[in-house]
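The structure appears below as structure tokens.
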Amino acid sequence: MSFSPSRLQQFPLLLAVCLAAVLSACATSEPEPPDVSATEDSRFRHAQDQKQAGDASWWRGFDDDALMALVQRAQSANHDVRIAVQRVRQARAGQTAAASRLWPTVSLTGSASDERSGLPDQVKQGKPDTRAYRGALDLGWELDLFGAARAGADAAELDALTAEEGVEAARWLVSSEVARQYIVWQSARLRLAKLDALLKAQTDTERLTRSREAGGLASRFDVARAAGEVQSLAAQLPPLRTLVAVTETQLAVLVGANPNQPLPELSASTAPWLPTPPRLSARQPVDLLLRRPDLRVAHKQFMAEAARLREAQADRWPKFFLAAAFGRQDLSLNALDLSPVRYSTAALAFTMPLFDAGRLRAAVERQSAKERMATLQYEKAVLGAVKDVDDSLVALNQERDRSTALDAVTQQRRTGLRHAESLYREGQIDRLQLLDAQRAVLAAELSAIDGQAQLALNTVQLASALGGGWQDTPTTTPPRITPPSLAPESLP
């Protein structure tokens, strides 16, 4: 195609108009930084002065060998954790593929051809027989002048980091769930043992009441009431046995074991008992940004979406491509061997969007909305994390007061039982009154077990809300989070 001088004079003007259109279309505002002001307070609203041992594994504070063994086993064998590990492998492969765009591609090509027409020699002058051997080294490279490939590689790297944080999040969740199920299992066994003892005491009371009725010292109403108490206690045993069995199978699934087989960690714990919960320190709300895996996941997801926004914006700039080939050819025409020759080619090309009916603009708008959603999700996760800790602190503080009151009730009932035993030995009360005092102690101990179990569960809830395991002193002070810098040379 030929250009007249007048057209050549108009070409710079046309190019300037096109570039102005592209620049105006690429104009965009910077993403807003996420609002993490909820973590700027010096302390949590319902925090009390508490201290902790400084162990990075909070479950060790319960000082229960079976619990520690179950948590350690779950952190490596749980299927959610193992699935998260495979997501890391997948994300790392995607990172390698995205980063490869920053480098040239080099390939080796070769061919061999042998063409024979079978025509007479005088005819072959116009269509000769040919035999050719070719080998070449091909190079192709997209020059990332405006940062699209770099932004895509950054997004893929952040995806991989998100997947790695996902592994920690899976371990965080499974550790809390194992501890919760283990405490429920132990408390159900303790309650079952206490209910068995209480049922035995109530059965003795019923038997004595029937004897007193036979002697005219008790009415049928007294017998019916005692028998009803026996049946009421007996009705509470099957749900507890079910709870023991269900928590055992749930623990087996959490540690990746066959639920049909007993867990050795549970069989080693013969006598039921509740581990003493540790006292945890809530520290400052800003520490949650470092400690909670779900917040770290949400932060890196926001960063990845911001990088993809940069990539979408850079796609609206021109793209430049470099191609080169270096080869050698060995050619034969009608049995005449020509000398091998070397050849090379090089080319530089570019493509610039001029009209796409709004496709690239829509891609930027779509990615901008995704980036903003990721920012809002991160802000929501931060608010939810602060709420979780404050709610857990309230529940733990109130349950500690309740557990103290239940322990005091148990002590008073035991003191009353000692007085009843003394009066019974002196003949001042009958055996029925002594059995009533014994049942009162067992009922108080049963309520105390419920309080201790709930206190341990609330401690697990607080440990989970605080982010699982952490060191006594944070090694880094989390800064106020801002979005990735939007350099003018890399962004439209």
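Please work out the C-alpha center-to-center distance from segment 413-429 to segment 225-290 and express it in whole Å.
35 Å
So, R0 is 45 Å and r is the distance between the beta-carbons of Leu139 and Gln284; what FRET efficiency does that work out to, to 0.05?
It comes out at approximately 0.25.
Which order do Lys380, Lys370 take when ranked by solvent-accessible area (1.4 Å probe, heavy atoms of all protein chains), largest first?
Lys380, Lys370
Taking all protein chains as present, what is the carbon and sulfur share of the accessible area of segment 108-259, in % to the nearest whole number, probe 1.4 Å?
55 percent
Can you pull a Stokes-Einstein diffusion coefficient for segment 78-119 at 4 °C (1.567 mPa s), Rh from Kirkwood over Cα pairs, as a whole number of µm²/s?
87 µm²/s
Using a 1.4 Å probe and counting only protein heavy atoms, arrange Phe326, Phe321 so the residue with the most accessible area comes first.
Order by accessible area, largest first: Phe326, Phe321.
If you rank Thr203, Thr351 by how much accessible surface each has, with a 1.4 Å probe, what is the order from largest down?
Thr351, Thr203
Using a Förster radius of 51 Å, what is the FRET efficiency between Arg342 and Arg366 based on their Cβ-Cβ separation? Nearest 0.05, please.
So, using R0 = 51 Å, E works out to roughly 0.55.
Please list, ordered by chain and number, the residues whose modelled amide H lies under 5 Å from the amide H of Ile429; skip anything fewer than 5 residues away on the same chain.
HN-HN under 5 Å from Ile429: Tyr424.
Expected output is a single nm value to one decimal: the length gained when fully extending between Asp356 and His46, i.e. 0.36 nm times separation in residues minus the C-alpha distance. What is it?
105.9 nm
Would you kindly find the accessible area of Thr345, with a 1.4 Å probe and non-protein molecules such as ligands, DNA and RNA excluded, rounding to the nearest 10 Å²?
Only protein atoms counted, so the area is about 80 Å².
With every protein chain present, what is the per residue accessible area of segment 260-360 (1.4 Å probe, Å²)?
I get 54 Å² per residue for segment 260-360.
Work out, step by step, the length gained on full extension between Leu333 and Gln90: first 0.36 nm times the residue separation, then minus their alpha carbon distance; give nm to one decimal.
82.2 nm
If N is the number of residues in segment 215-307, what value comes out of its Cα radius of gyration divided by 2.2 N^0.38 Å?
Cα-based Rg divided by the globular estimate yields 2.07.
Please give every one of the aspartates and glutamates within straight-line cross-link reach of Lys200, meaning a C-alpha to C-alpha distance under 16 Å, and leave out same-chain neighbours fewer than 8 residues apart.
List returned: Glu229, Asp436, Glu445.
Calculate the spin-label point distance for Ala324 paired with Ser422, positioning each point 7 Å from the Cα along the beta-carbon direction, and give it in nanometres.
For Ser422 paired with Ala324, the spin-label model returns 10.3 nm.
List every residue whose amide H lies under 5 Å from the amide H of Leu143, counting only residues 5 or more places away in sequence or on a different chain, with H placed 1.01 Å from N in the peptide plane.
Amide H to amide H, under 5 Å and 5 or more residues apart or across chains, Leu143 pairs with Phe320, Phe321, Leu322.
Listed highest first by mean packing, meaning other Cβ atoms within 10 Å per residue, what order do 301-312, 434-445 come in?
Averaged packing, sorted descending, gives the order 301-312, 434-445.
The values are calculated or read from the model by the stated rules, or taken from the named source; none is laboratory data. For clarity, every value in this text was computed on a predicted model and none was experimentally measured. Using ideal geometry, Cβ is built from the backbone for each residue, glycine included, and neighbour counts are taken over all protein chains shown. Accessible surface areas use protein heavy atoms only, side chains included; no ligands, DNA or RNA. Shrake-Rupley method; radii C 1.70, N 1.55, O 1.52, S 1.80 Å.
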